[in-house]
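Comments concern the structure below.
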Amino acid sequence: LNKSKEGFVIWLTGLPGSGKTTISRILEPRLTELGLKVEPLDGDEVRVWLSPGEAFTREDREKHLRRVAHICQLLSRNGVVVIAAFVSPYRTSRDYARSITPNFVEVFVKAPVELCMSRDPKGLYKKAKEGVVKNMTGVSDPYEEPWDAEIVVDTSHAAPETSAEEILAKLRELGFVP
Ligand SMILES: Nc1ncnc2c1ncn2[C@@H]1O[C@H](COP(=O)(O)OP(=O)(O)OP(=O)(O)O)[C@@H](O)[C@H]1O
Ligand SMILES: [Mg+2]
């Protein structure tokens, strides 16, 4: 089976600040130059137009991610490589996306919460500590680590480029990219 001719979904999950957006921005041009059609879907941007009314409760997060999963499924079945970068803290959401998408690659973007807090690229951890932001994953909300991710990248020691290369190498090994 030559999976490289088909679309697939690279689903990046991890704590806020773990590196999902940074890695997807490096991955996108690398996949494009291989001749693949690539569509990046990033949590921050997608939520604005897809789920503007939803909050960050478990119920609303799952509702939002079910919609995201269906977009991923539609794109990937039409030959597009989707890079989905979402905190997606609950296994149920990720498993739902997997269950409706034949070519699903889960990538656990792993970093200790203390490190994510010190990076705090959007200042959200600070706001959560001050009580301004509620339902903050890693602080006041859970993050369920994947048990069965196809790929795990530890971003605590490697540079973003290295993490992106690790993902590409694994995608090649799994037969998803030429
Ligand atoms: N190996 C690495 N991979 C990715 N990011 C890294 C790595 N090492 C250090 N970083 C840094 O960590 C930060 C990750 O921020 P980024 O916005 O990508 O996280 P995120 O997972 O998208 O968070 P959020 O869920 O809040 O959108 C950046 O400042 C990035 O430069
Ligand atoms: Mg991000």
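Structural remarks
- Residue in region 134-144 that is among the charged types (D, E, K, R), without any contact (Cβ under 8 Å) to a residue 60 or more places away in the chain and closer than 25 Å to F56 by Cα present: yes
- Criterion violated by L34 - all others in (1) surrounded by fewer than 18 Cβ atoms within 10 Å (Cβ to Cβ); (2) in contact (Cβ under 8 Å) with a residue 60 or more places away in the chain; (3) in a helix (DSSP H, G or I); (4) not small (G, A, S) satisfied: (3)
- For region 2-30, taking the residues that are away from ligand 1 (no atom under 15 Å from the Cβ) and crowded, with 22+ Cβ neighbours inside 10 Å, the one that is farthest from V80 (Cα to Cα) is identified as V9.
- Scanning region 78-94 for residues that are in a strand (DSSP E or B), away from ligand 2 (no atom under 13 Å from the Cβ) and either at positive phi or touching an Asp or Glu at 6+ places or on another chain (Cβ under 6 Å) (or both) yields V80, V82.
- Check on R58, under 18 Å from R98 (Cβ atoms), surrounded by fewer than 16 Cβ atoms within 10 Å (Cβ to Cβ) and of a type in the set (D, E, K, R): no
- Enumerated helices (runs of 4 or more DSSP H) restricted to region 104-178, each holding at least 1 residues that are closer than 22 Å to G7 by Cβ: 160-173
- Flag if A97 is assigned to a helix (DSSP H, G or I), under 21 Å from P16 (Cβ atoms) and in contact with a strand residue (DSSP E or B) (Cβ under 8 Å, 6 or more places away or on another chain): yes
- Criterion (within 14 Å of W11 (Cα to Cα), within 12 Å of ligand 1 (Cβ to nearest atom) and either in contact (Cβ under 8 Å) with a residue 60 or more places away in the chain or of a type in the set (S, T, N, Q) (or both)) met by exactly one of V81, V87, V105: V87
Any read-out appearing in this document is the output of simple, stated calculations on the displayed coordinates, not a laboratory observation. Because the structure is predicted, anything quoted here is derived from the model rather than measured. Heads up, the Cβs are rebuilt from the backbone with ideal geometry, glycines too, and the neighbour counts pull from every protein chain shown.
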